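Here is the structure we will look at.
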Amino acid sequence: MKHPPPRRCGVVAAVVALVLLACLQIQYHHLKVDLGKAGFASATQDNSNRNRIHLGTSSKPATATTNSLPRGIVERHSDMYLRPLWDDSAAITHKNKNGDHNALLAMAVGISQIKNVDTMARKFLKENYAVMLFHYDGNVDGWRHLEWSDKAIHILAHNQTKWWFAKRFLHPDVMAMYDFIFLWDEDLGVENFNPRRYLNIMVSEGLEITQPALDPDLSTDIHHRITIRNKMTKVHRRIYDNRPSMNCSDESKGPPCTGWVEGMAPVFSRAAWKCVWHLIQNDLIHGWGLDMKLGYCAQGDRTEKVGVIDSEYVVHQGIPSLGGPSLSSKTPRRSLDLRTHIRRQSSAELEKFKERWNRAVREDEGWRDPFKS
């Protein structure tokens with residue numbers, strides 16, 4: 001029996017090895033491509049899911065990012081209550097006196113309004129509601145002498161509005177522990193306002209978005225009739241005005257006649273805030289135009305779910321602090337010029353917001369306006 005020459009066998013073995021190596025490289029390349037496609041598909045699907053935000057009230061938990069953890073260790077909520085560094089047994093239980101509501105008061109504040117803010121904060125802390133102050137003037141130390149200062153959350157960012165702060169620090173996942181969010185201006189007089197009674201009315205009336213009525217005798221800055229206190233009612237949801245510019249009647253279905261509150265002192269239920277937070281535009285910090293669309297977050301008919309509470313009312317003092325002079329300022333003229341620029345910017349943002357809303361309505365073919373007959 002003849003055997004092939006050793007040299008020929010070596011050549012054949014080398015060729016076979018090269019073929020095997022080439023096949024392995026091709027398989028590796030295909031596997032790499034397939035994995036890349038799978039990753040791309042997963043990423044695009046995830047992005048697609050993010051783009052379509054569901055603003056309903058479903059409490060079904062999302063498990064995509066937590067399924068690697070044992071279920072009992074997953075903590076889905078947070079809050080703004082301060083915790084002690086030691087002696088956990090000394091921690092305060094943050095329940096209000098009735099035990100029915102958790103609420104948060106959030107305000108953008110400056111040191112020039114410290115006296116008024118002090119009065120407001122005390123009213124809420126008395127009911128064991130949380131208080132968060134957004135300091136736009138850089139002065140946090142000036143509040144340290146107040147006895148309640150260490151019970152509040154202080155956040156500092158220079159020359160930012162409450163809507164800027166709210167978008168960054170009041171995410172619905174963090175706010176989920178609170179039944180109600182008060183997102184107020186700092187220049188409100190609260191002598192005739194009780195937050196606990198206010199929320200009891202809000203709940204009993206089935207309201208999701210509200211504001212306290214404005215005292216017409218003492219308020220210096222009233223822009224809309226629907227915000228004026230009606231002394232004969234506990235709550236009002238609409239106004240009547242037969243002037244051609246208003247034409248508000250029982251047939252009216254939207255702002256400014258019904259289903260509307262102003263941006264100075266809104267109060268939101270948890271479900272409403274989850275929607276409103278997504279409505280706030282990240283770069284439009286003055287919030288102009290939001291008030292006309294808040295009714296879309298009312299979890300139903302805005303003519304029923306949005307209202308002004310008359311029996312618990314406030315005074316709007318109309319003090320322009322943000323962009324205004326500090327207590328030590330000696331340049332009020334420059335401050336006046338700054339406020340002029342701020343108003344121009346606000347007007348420009350209003351137009352941008354309108355454009356974005358209209359474009360979103362055109363481009364989202366699956367969306368139907370619930371208030372359009």
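The values are calculated or read from the model by the stated rules, or taken from the named source; none is laboratory data. None of the values given here were measured: they were computed from a predicted structure. No Cβ is skipped: glycine too gets one built from the backbone with ideal geometry, and neighbour counts run over all protein chains shown. Ligands, DNA and RNA are excluded from the accessible area calculation, which covers all protein heavy atoms including side chains. Shrake-Rupley method; radii C 1.70, N 1.55, O 1.52, S 1.80 Å.
Counting Lys and Arg as +1 and Asp and Glu as -1, each charge on the Cβ, what is the dipole of segment 181-297 about the Cα centre in debye, to the nearest 20?
Taking the Cα centre of segment 181-297 as origin, the dipole is about 520 debye.
I need the calculated FRET efficiency for the pair Asn139 and Asp337, taking r as the beta carbon distance and R₀ as 22 Å, to the nearest 0.05.
0.50
Amide H to amide H under 5 Å from His135: which residues, 5+ apart in sequence or cross-chain, H placed 1.01 Å off N in plane?
Here Val109, Ile155, Leu156, Ala157 satisfy the definition.
Considering amide H positions built from the backbone, and no H for Pro or chain starts, which residues 5 or more places from Leu105, or on another chain, come under 5 Å of its amide H?
Residues meeting the amide H criterion: Ala130, Val131, Met132, Phe182.
For Asp301, enumerate residues with amide H under 5 Å from its amide H, sequence gap 5+ or separate chain, H modeled in the peptide plane.
Excluding prolines and chain starts, which carry no amide H, there are no hits.
Just want the answer: with Cβ charges of +1 for Lys and Arg and -1 for Asp and Glu, which residue in Asn192, Thr220, Ala103 is farthest toward the dipole's positive end in segment 98-221?
Checking the options against the dipole of segment 98-221, the answer is Ala103.
Place a point 7 Å from Cα of Lys115 in the direction of its Cβ. Which residues in segment 137-168 have their backbone N less than 18 Å from it?
142-147
Please go through segment 124-206 and write out the trypsin sites (Lys or Arg not before Pro) that DSSP classes as loop and that have at most 16 other C-beta atoms within 10 Å.
Arg144
Once you've got the Cα coordinates, tell me which of Lys115/Lys151; Lys234/Lys274; Lys162/Lys305; Lys162/Lys274; Lys253/Lys352; Lys253/Lys305 are over 21 Å apart.
Lys234/Lys274; Lys162/Lys305; Lys253/Lys352
Once you have the Kirkwood Rh of segment 103-321 from its Cα pairs, apply Stokes-Einstein at 25 °C and 0.890 mPa s and quote D in µm²/s.
140 µm²/s
In segment 103-321, what percent of the accessible surface is made up of carbon and sulfur (1.4 Å probe, ligands and nucleic acids excluded)?
Taking all protein chains in place, segment 103-321 shows 48 percent carbon and sulfur surface.
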